[in-house]
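To start, the structure itself, in structure tokens.
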Amino acid sequence: MFEQPTFGQRLRALRIKRGLSQASLAGDVISTGYLSRLESGARRPKFRVAEYLAKRLNVPMTEFEAPPGEAGPAAVQTSVVAPILAAVISGADDDIADTLAEALRTGEEWDPALRWEGLWLLAGARGRQGRVDDEYALFGELVELSDELGIPTLQARARTQLSRCARIRGDNVAAREHAAEALRFADEIPLSDRVAALQSLVSAEAELGLVGEARTHVDELCALTEPAGDKHHAEALWAAATVRVRQNDHAGARELLEQALLILDSRRDLVMWIRLRLAAASLYLQASPPVTDHARTVLEEVAPVIGLVGTELHQQQLLTLRAHLAFGEDRLDEAREICAQVGDEPALLSFRDRIRFGALCGRLRIADGDHEGGIEALQSLARQSEAAHNLELVAEIWRVLAKTLAAGYPAAPKQSRARSRVR
């Protein structure tokens with residue numbers, strides 16, 4: 001009698017028209033989760049459920065049916081947009097993503113669930129392209145649409161991704177707020193989404209220097225994931241290692257991250273396997289003094305895999321870590337070569353990684369004799385970090401500057417520095 005997705009679309013439209021939340025419409029008879037699945041078209045309604053909802057809405061059950069022969073705008077949208085969405089899902093190029101963006105701009109009457117899917121896919125595409133500002137704006141729109149749909153999983157998921165984007169942009173205050181908002185839905189969302197929200201919260205708190213709060217939340221995260229002992233627990237241990245670094249406990253951080261490396265098999269999640277090894281190499285290089293032999297071993301292990309299946313982000317992370325390693329081993333010519341290959345500001349890296357790479361470039365300028373230019377560059381990075389409320393990163397830059405100046409690199413005459421820049 002009732003066909004999906006028509007039933008769900010009309011049910012949702014009637015609920016919103018009357019200003020009802022999903023919880024108030026569901027009452028004590030059905031769950032909000034079941035109502036969400038009805039509205040999204042994921043479940044076919046039973047007659048008694050439809051009868052109950054019609055009474056709650058004070059409408060005849062015929063209101064849930066499409067008029068004979070009328071496909072409705074959602075059906076037309078599906079026939080037009082479905083091929084675009086399928087192309088993006090299957091690994092589209094930039095042209096397909098741009099086509100999807102154009103369809104979303106002109107699709108004001110889209111079915112909200114279909115629009116949500118399109119926005120989510122487009123945000124992912126923009127992220128892969130390094131267009132972080134566009135990605136951030138799209139996830140902001142997804143938050144609003146998720147609230148309109150009233151589906152807790154989507155509400156939490158969109159906020160978690162918005163938090164991640166804010167952190168990449170260096171706005172850790174906003175990142176913390178978005179992650180905390182995502183966790184408001186903790187009792188109504190799957191474990192994987194709760195874990196992701198907690199990880200975002202821990203990362204933002206650690207970047208803001210709120211180490212006590214970060215430690216509390218990361219302990220909760222580890223306890224939550226430990227029973228499964230899968231990739232979620234490996235990620236939790238990684239987050240815990242990050243907090244230990246902020247506490248200057250590099251030995252504890254190393255122990256936690258090496259536990260994570262042992263848990264995760266590359267056959268289970270190759271992307272996470274890559275990310276953990278890049279994180280381990282970064283940790284080894286941030287230690288004082290840097291543990292360069294361990295860092296080199298990990299990078300040599302992960303490099304061939306990145307060459308085969310790595311993303312552009314993985315490539316940038318690998319190159320910048322190789323530059324840090326070369327500098328740490330006093331192979332300055334190789335470090336300069338890699339820095340020139342990467343460019344001035346790797347667009348895909350997180351804010352912290354961009355700042356640390358910029359600091360390395362500043363150190364190389366000082367090593368080349370351009371003390372004035374190198375110091376100015378490091379001071380600028382310190383100001384950016386301070387504006388991002390990342391005082392721990394500010395302190396790291398000043399330590400780097402002091403250590404580099406203490407190394408006693410001779411200053412080159414201004415004339416020869418000018419010739420060097422011309423070359």
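The values are calculated or read from the model by the stated rules, or taken from the named source; none is laboratory data. Since this is a predicted model, take the numbers as computed values, not measurements. Cβ atoms come from the backbone with ideal geometry, glycine included; neighbour counts cover every protein chain shown.
Here are the numbers for the structure shown:
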quantity	calculated
Condition met for A281 (in contact with a Ser or Thr (Cβ under 8 Å, 6 or more places away or on another chain), crowded, with 19+ Cβ neighbours inside 10 Å and either charged (D, E, K, R) or free of Cβ contacts under 8 Å to residues at least 60 places away in the same chain (or both))	no
Matching residues in region 14-57 - criterion: being in contact (Cβ under 8 Å) with a residue 12 or more places away in the chain, over 35 Å from the mean Cα position of the chain (by Cα) and outside any helix (DSSP H, G or I)	R18, G27, V29, P45
Criterion violated by A377 - all others in (1) under 30 Å from S203 (Cβ atoms); (2) at pLDDT below 90 satisfied	(2)
Residue in region 182-196 that is farther than 29 Å from E392 by Cβ, surrounded by fewer than 24 Cβ atoms within 10 Å (Cβ to Cβ), out of contact with any Gly (no Cβ under 8 Å at 6 or more places or on another chain) and of a type in the set (D, E, K, R) present	yes
Criterion: modelled with pLDDT under 85, closer than 19 Å to F185 by Cβ and assigned to a helix (DSSP H, G or I) - qualifying residue of A103, A82, A87, A113	A113
Flag if D171 is of a type in the set (D, E) and in contact with a Ser or Thr (Cβ under 8 Å, 6 or more places away or on another chain)	no
Top-ranked residue of region 377-406 - restricted to ones that are polar (S, T, N, Q) and in a helix (DSSP H, G or I), ranked as farthest from the chain's Cα centre (by Cα)	T404
Close pairs from region 155-169: first on the phi > 0 side of the Ramachandran plot, partner crowded, with 24+ Cβ neighbours inside 10 Å, Cβ under 6 Å, at least 6 apart	none
Single residue of region 288-318 satisfying the filter (within 25 Å of the chain's Cα centre (by Cα) and either part of a loop (DSSP other than H, G, I, E, B) or free of Cβ contacts under 8 Å to residues at least 24 places away in the same chain (or both)) that is surrounded by the fewest Cβ atoms within 10 Å (Cβ to Cβ)	L308
Residue in region 68-75 that is crowded, with 17+ Cβ neighbours inside 10 Å and either at pLDDT 80 or above or closer than 27 Å to R164 by Cβ (or both) present	no
Which numbered condition L349 misses (of (1) hydrophobic (A, V, I, L, M, F, W, C); (2) closer than 28 Å to A387 by Cβ; (3) touching an Asp or Glu at 6+ places or on another chain (Cβ under 9 Å))	(3)
Output for region 241-254, where each listed residue is without any contact (Cβ under 8 Å) to a residue 12 or more places away in the chain and assigned to a helix (DSSP H, G or I)	A251, G252
Residue that is nearest to A197 (Cα to Cα), among those in region 155-177 that are of a type in the set (S, T, N, Q) and under 8 Å from the mean Cα position of the chain (by Cα)	T160
